[in-house]
Amino acid sequence: PDYVPQPGPVPGTSAGCNCMPGSKCAGRGREFSWCKINRTEKCPLEAQRSLVDVSGANHILAGSGEPETLWDYCLPPSDKVDNIHAGAHCEARMDIVEKYYNDKDFWKEDDKFNWNLVPIKDRMTLEAMTAAKPGGDGLCVRTKSSGAHYICPTMEDGPDKAESEGTEWARTHSWDFCVPGAPPEKLEVAQDLEAKRQVESFGAPAEASPQPEEFSKPFEKKPWQDESGYWNEGGEAYGAQGGSWGAEPAAGTN
């Protein structure tokens, strides 16, 4: 294997597969993270007639023998949707929709939209925006052209972050491959492992110390508010042993 796998849920991929145990989800010189997929489990990518995705990438790993080794875009398990390339993030792109919707050059004479005229850098964005659904993974969807892969419309990050972490893909495309949020069972395992790691790194969390009872000096409270036993209901003060201290002094007396 190319590394010793850590315990815990394996990363998911953009086609809804799992990484092969022992195959790290990492860049390896690419602009995105990828891994070999686990072909012993059901994987939608294997059902595709073509293993070349909509971006033109072939998912048969170069140099692999028989059976062929397949790879896919991947991300660590997370409760939120994320896209593959750095420098952008999943976000609705109504500006792209309006750009093409309002351009008569992209409409046929029979008033049907001509999808084939839209360049690939924006076509998947339009497909995702028309297929997007509310809640859950929202914009991270499969479309008629994306095959097994989930995609989402993207917006380039702010200038500072985009300049330091951006990729050529983020600068030239308004969409990206994405990985849907991990199922609850994966997240639970990941959270348990993170809690265990915290304990091993920093020690068990200290038990909360019991708070001391609040101390009230005599005469600080009115008789009906005092629970120390110094006052009775008639306003007479008593000592610790029950001896009478006499009535409460009148205001202004010494």
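The values are calculated or read from the model by the stated rules, or taken from the named source; none is laboratory data. Given the structure is predicted, the values throughout are model-derived calculations rather than measurements. Please note: Cβ atoms are built from the backbone with ideal geometry, for glycine as well, and neighbour counts cover all protein chains shown. Note: accessible area is taken over every heavy atom of the protein model, side chains too, but ligands, DNA and RNA are not part of it. Shrake-Rupley method; radii C 1.70, N 1.55, O 1.52, S 1.80 Å.
Kindly provide the Kirkwood hydrodynamic radius of segment 87-144 in Å, to one decimal, from all pairs of distinct alpha carbon atoms.
About 12.4 Å, per the Kirkwood formula over Cα pairs.
Set the bar at 29 Å for Cα to Cα. Now go through K24/K99; K42/K99; K108/K144; K42/K112 and name every pair that lies beyond it.
Exceeds cut-off: K24/K99; K42/K99; K42/K112.
W71: accessible area at probe 1.4 Å, nearest 10 Å²?
20
Long-range amide H contacts for W34: which residues qualify at under 5 Å (H placed 1.01 Å from N, peptide plane, sequence gap of 5 or more or a different chain)?
Long-range HN contacts for W34: A26, G27, C74.
How large a share of the accessible area of segment 68-116, in percent, is made up of carbon and sulfur atoms when the probe is 1.4 Å and the other protein chains stay in place?
The C+S portion of the solvent-accessible surface of segment 68-116 is 46 percent.
Check V52: other-chain or 5+ apart residues with amide H under 5 Å from its amide H, H built from backbone geometry?
Here H59 satisfy the definition.
Taking 0.36 nm per intervening residue step and subtracting the Cα-Cα distance, what contour gain separates E41 from Y101 on full extension?
In short, 17.4 nm is gained.
Gain in length, K112 to E91, computed as 0.36 nm per residue apart minus the alpha-carbon separation, to one decimal in nm?
Working it through step by step, the gained length comes to 4.9 nm.
Sticking with the crude label model, points 7 Å out along Cα→Cβ, report the distance from R171 to A62 in nm, one decimal please.
Roughly 2.3 nm, to one decimal.
For M129, what accessible surface area do you get with a 1.4 Å probe? Give it in Å², rounded to 10.
For M129, solvent-accessible area is about 40 Å².
Please report, as a whole percent, how much of the solvent-accessible surface of segment 8-50 comes from carbon and sulfur atoms (probe radius 1.4 Å).
Carbon plus sulfur share of accessible area: 47 percent.
Using only the alpha carbons, work out the radius of gyration and Dmax of segment 50-151 in angstrom.
16.4, 50
For K144, K24, give the ranking by accessible area with the largest first, probe 1.4 Å.
Order by accessible area, largest first: K144, K24.
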